[in-house]
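A short write-up of the structure that comes next.
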Amino acid sequence: MHTEPDVDAGWLLEAAPDAVVAVSAAGLIALVNAETERLFGYRREELLGRPIELLVPDEARDAHLAHRRRYLTDPRPRSMGAGMHLTGRRKDGSRFPAEVSLSPAGTASGPLVVATVRDVSDRVRAEAKFWGMLDAAPDAMIGVTEDGLIVFANTQTERLFGYRRDELLGRPVEILVPQHARHRHPRLRAGYLHDPEPRPMGAGIPLAGQRKDGSQFPAEISLSSIVTEDGVLTSAAVRDVTERRRAAEAQNRLAAIVQSSHDAIIGKTLDGVITSWNPGAQRLYGYTERDMIGRSAQLLIPEGLRHDEVSNLRRIGHGEQVEQYQTERRHKDGSTMTVSLSMSPIADASGAIIGVASVSRDISDRQRAEAKFVGLLESAPDAIVGVTRDGTIALVNAQVERLFGYRREELLGRPVEILVPDSARHVHPAHREAYFRQPQPRPMGAGMQLAARRKDGTEFPAEISLSALDTEDGPMVSAAIRDVTDRLEAQAERERLKAAAERERLEAQLHQSQRLESLGQLAGGVAHDFNNLLAVMLNYTTFVAEEIDAAAEREGGLWAQVRGDLQQVQRAGQRATELTHQLLAFGRREVVRPQVLDLNAVVAEVESLLQRTLGEHIQLHTTLTAGLWPVLADPGQLEQVLVNLAVNARDAMPDGGTLSIDTVNITVDGAAERPNLRAGRYVKLRVGDTGTGIPPEIAERVFEPFFTTKPKGKGTGLGLATVYGIITQAGGTAEIQSSPGAGTAFSAYLPATDRQPAAVEEPAAASPRSHGGETVLVVEDEAALREVICRILGRNGYHVLAADGGPEALKLAEHSTQPVDLLLTDVIMPHMLGKELAAKLGDRYPGIRVLYMSGYAQPVLASQGTLDPGVILVEKPFSEDVLIDRVRAALDPA
């Protein structure tokens, strides 16, 4: 049983307006007053001895226990709930907003905590009403303490400044002040607090606010003070006056426009008395503003037209507008003029019509200009049609009548689509509307076929150009239409003739290419057989020369003369060898060893040789483009190209002249630019001379083998054929331009490569090769050459097996008592090619080495005349030293 403590002032406790509850350290209610019973709905005996959490809402009871224990550790008098919402719970479960203050009390039974509880429902409702009114205010409302901190802000403040309310509360009000004014704002704020009377601020001073994003706006600010329990608050109402300033500026601009307008702008009452008169009116009519203010506008109107003015004023009084129309007006000097006039009502703030604004413009000059325009329009050679935005024909000239077959009155006011073919009428309105949206002068029909339709239904091809015109009635599009039937027919004829000429040119080019290809195949075949004969002749001659050299040393005399004769035979054989190489180069059957190289470096390397070849009477000029793209080609063959062209140029300039060599990068975008080249990057080599030139009928044959215009014995006719073969084998194209007396220019186009030239390395010292002892299987269908090869290998210490073809070679290899170390085979043989034989022997004897020999190596060549990887070839005709060196290279790979 709990008893109440002795309290001398118990009657005061009972009379207290707030509920008073005393709580023991254990959290049990020890004392309540009568107001507690009324406020919470419990009888006193229902509360005493019960836990205090009985009066706390369910969701807050756990937290309340922790708050109560924390208070007991520091039991000082203090109010609770500042800055937070507290709630009490009645017996019936209802709740009410509460304000609670705490104080400790010592009693004989131990310490108590006395809680005074006040129902603040009325105050909360009042505050809610206040905040509702505050948030409904059209201006931003901000409350600021004496030390400049924001304590309240309404919704309009959030919208105007861009801050959330929680970002403003407790922050200094200077965050809403522009940077340039922040340093003086605290002083102005303190000045206001010394005399806190309601007043607007900024009268005569431009004020501004700053938003969260840093932007600023012009503001009107009024201040008032509010006295609260916590001190004096300053309430600031902030209004964004951007729109008001813009409206004032617009009004000022409008007044400036009226004053600066060249048109006469006049204000009148509804009975025609002039109330305003701009400088434009003075210029037009000759009267000053002083002359006309307060006088009737009838002064400006010829007598016969004054009834129209009365009628127009009556229409304005009924709220109508008088659109532009032409009429006569009178100048101060008595002369009359034609003006374009429009009238509109002037209304007051309530919308009542109180006057008339009229705008007039002298169009006398325009009428004269229009007459001139009509004359030009009618004399124009093209049909000209003016079309309004809705597609109505508003203007036509005489040529339209002649071209389309309509009379003028049949077209005016009709839709322009009557001049459009049936097939295009459904899309024409969309095209017209698109042009009106972006009315730039432009020709139409470029790259597309346009057509127009006559009255009789016939159609004709047309060229149409469009331009936009601004008229009093709005924008208009002027279309100039030209019948291009004759021009298209002439163009078609030109295209037909051009196509025929191009077809003839391509056929001639194809014929030339096929002829050169046929000659190349013939040259390759001849070179193959000839190389076999040369190999036999040269090697047997070498054998004989060795014997004669030995005899000449022993006996001298006649043998020395025979040795000289034999040397002549050998030199002739060497020249014949060079001839076969030229034939192979022309036929693109020559083995090439391409490298990534700089063509400028090749020209520089051979320049001194060319100068010696040309002689002193010919000047050599080189123009080499810096940054030349690399190409993939055989440098030795390119040097041969330059030498051959230089020799030809020298022969064309017997009396001296100039040889120029140029290099340049070019890019071909398509076949239309250069039909004989595919699109891509090329390096152009141009070699030009100032010689006698070449007639056209000869120029088209210069790349044919054995064709020459030089005297008999002065040339082989293979120089330019060799050049042609080398350039085409490198993937390029060769051209020649020449005319008699104007010199000759040879141009070669070599494909550029993305690879870069390799650094030049010093050649490694040749390592000594072993000599002889291995077994070599020789396969050659030419008996004399086979005998020569066997003899060379035998005298150099090799064991030789010989076969006249692939089948015999397979049998010899199979029955040989010794393993075959090297297959030395001709490339082209009856029954079985060398590559096929090598493949079969390789399958049976995986370690066998292969050395090909041929004067026509096409079957073992990859693209562009290069050798397949791993292929070793000795080219016919070969000497003993060359053959032995290649044999060792095959047997002793590096």
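The values are calculated or read from the model by the stated rules, or taken from the named source; none is laboratory data. All of these numbers come straight from a predicted model, not from anything done at the bench. As a convention, Cβ positions derive from the backbone with ideal geometry for all residues, glycine included, and neighbour counts pool all protein chains shown. Note: accessible area is taken over every heavy atom of the protein model, side chains too, but ligands, DNA and RNA are not part of it. Shrake-Rupley method; radii C 1.70, N 1.55, O 1.52, S 1.80 Å.
Of all residues in the stretch 625-663, exactly one satisfies the criterion of being surrounded by fewer than 16 Cβ atoms within 10 Å (Cβ to Cβ) and within 11 Å of residue 599 (Cβ to Cβ), namely 625. Taking the stretch 95-145, which residues are touching a residue at least 60 places away in the same chain (Cβ under 8 Å) and aliphatic (A, V, I, L, M)? Scanning the stretch 95-145 gives 105, 108, 112, 113, 114, 115, 117, 137, 140, 141, 142, 144. Within the stretch 466-500, being among the β-branched types (Val, Ile, Thr) and assigned to a helix (DSSP H, G or I) holds for one residue alone: 485. Scoring residue 134 on the criteria (1) open to solvent by less than 40 Å² (accessible area, probe 1.4 Å); (2) aliphatic (A, V, I, L, M); (3) modelled with pLDDT of 85 or more leaves a single failure, condition (3).
Restricted to helices (runs of 4 or more DSSP H) entirely inside the stretch 146-233, those with at least 1 residues that are farther than 26 Å from residue 249 by Cβ, in contact (Cβ under 8 Å) with a residue 24 or more places away in the chain and among the β-branched types (Val, Ile, Thr) are 155-161. Within the stretch 442-458, the set of residues being open to solvent by 100 Å² or more (accessible area, probe 1.4 Å) and at pLDDT below 90 comprises 443, 448, 449. If you go through the stretch 695-724 and pick out every residue that is of a type in the set (Ser, Thr, Tyr) and either in a loop (DSSP other than H, G, I, E, B) or modelled with pLDDT under 70 (or both), you end up with 3. Within the option set 795, 791, being touching a residue at least 24 places away in the same chain (Cβ under 8 Å), surrounded by fewer than 18 Cβ atoms within 10 Å (Cβ to Cβ), within 18 Å of residue 878 (Cα to Cα) and of a type in the set (D, E, K, R) holds for one residue only, 791. Across the stretch 140-158, a minimum of one residue is classified as at pLDDT 85 or above and open to solvent by 90 Å² or more (accessible area, probe 1.4 Å). Residues that are surrounded by 15 or more Cβ atoms within 10 Å (Cβ to Cβ) and free of Cβ contacts under 8 Å to residues at least 40 places away in the same chain number at least 2 in the following strands (runs of 3 or more DSSP E) confined to the stretch 257-339: 274-277, 322-330.
Within the stretch 837-852, residues that are of a type in the set (D, E, K, R) sit with their Cβ atoms under 8 Å from residues that are open to solvent by 50 Å² or more (accessible area, probe 1.4 Å) and assigned to a helix (DSSP H, G or I), at 6+ positions apart or across chains, in these pairs: 844/814. Evaluating residue 777 against the criteria (1) under 17 Å from residue 882 (Cβ atoms); (2) open to solvent by less than 40 Å² (accessible area, probe 1.4 Å) leaves one unmet condition, (1). Looking at the stretch 742-750, can you tell me whether even one residue there is modelled with pLDDT under 85 and either open to solvent by 60 Å² or more (accessible area, probe 1.4 Å) or not in a helix (DSSP H, G or I) (or both)? Yes, that holds for at least one residue. If you check 508, 492 for being within 40 Å of the chain's Cα centre (by Cα), modelled with pLDDT under 85 and open to solvent by 50 Å² or more (accessible area, probe 1.4 Å), only one passes: 492.
Scanning the stretch 610-624 for residues that are open to solvent by less than 60 Å² (accessible area, probe 1.4 Å) and among the hydroxyl-bearing types (Ser, Thr, Tyr) yields 613, 622. Among the residues in the stretch 210-220, are any open to solvent by less than 50 Å² (accessible area, probe 1.4 Å) and closer than 27 Å to residue 127 by Cβ? Within the stretch 210-220, none of the residues are open to solvent by less than 50 Å² (accessible area, probe 1.4 Å) and closer than 27 Å to residue 127 by Cβ.
Determine which single condition residue 866 fails, assuming it passes every other condition in (1) surrounded by 22 or more Cβ atoms within 10 Å (Cβ to Cβ); (2) at pLDDT below 85. For residue 866, the exception is condition (1).
Within the stretch 340-372, if we keep just the residues that are touching a helix residue (DSSP H, G or I) at 6+ places or on another chain (Cβ under 8 Å) and of a type in the set (A, V, I, L, M, F, W, C), the residue that is surrounded by the fewest Cβ atoms within 10 Å (Cβ to Cβ) turns out to be 353. Taken as a whole, the structure leaves residue 757 outside the set of residues that are touching a strand residue (DSSP E or B) at 6+ places or on another chain (Cβ under 8 Å), at pLDDT 85 or above, open to solvent by 20 Å² or more (accessible area, probe 1.4 Å) and not in a helix (DSSP H, G or I).
Every listed requirement among (1) at pLDDT 85 or above; (2) buried (at least 23 other Cβ atoms within 10 Å of the Cβ) is met by residue 727 save one, (1). Taking every residue in the stretch 342-368 that is farther than 12 Å from residue 313 by Cβ and pairing it with any residue that is of a type outside the set (S, T, N, Q) and assigned to a loop (DSSP other than H, G, I, E, B), at least 6 positions away or on another chain, the pairs with Cβ-Cβ distances below 6 Å are 354/348; 359/263; 361/263. Tally time: how many residues in the stretch 396-417 are more than 28 Å from residue 486 (Cα to Cα) and either among the basic types (Lys, Arg) or open to solvent by less than 40 Å² (accessible area, probe 1.4 Å) (or both)? Adding up the residues that qualify gives 1.
What are the pairs with Cβ atoms under 9 angstrom where one residue, in the stretch 373-395, is within 29 Å of residue 430 (Cα to Cα) and open to solvent by 50 Å² or more (accessible area, probe 1.4 Å) and the other, located anywhere, is part of a helix (DSSP H, G or I) and among the acidic types (Asp, Glu)? Sequence gap at least six, or different chains. Note: pairs meeting the criteria are 389/433.
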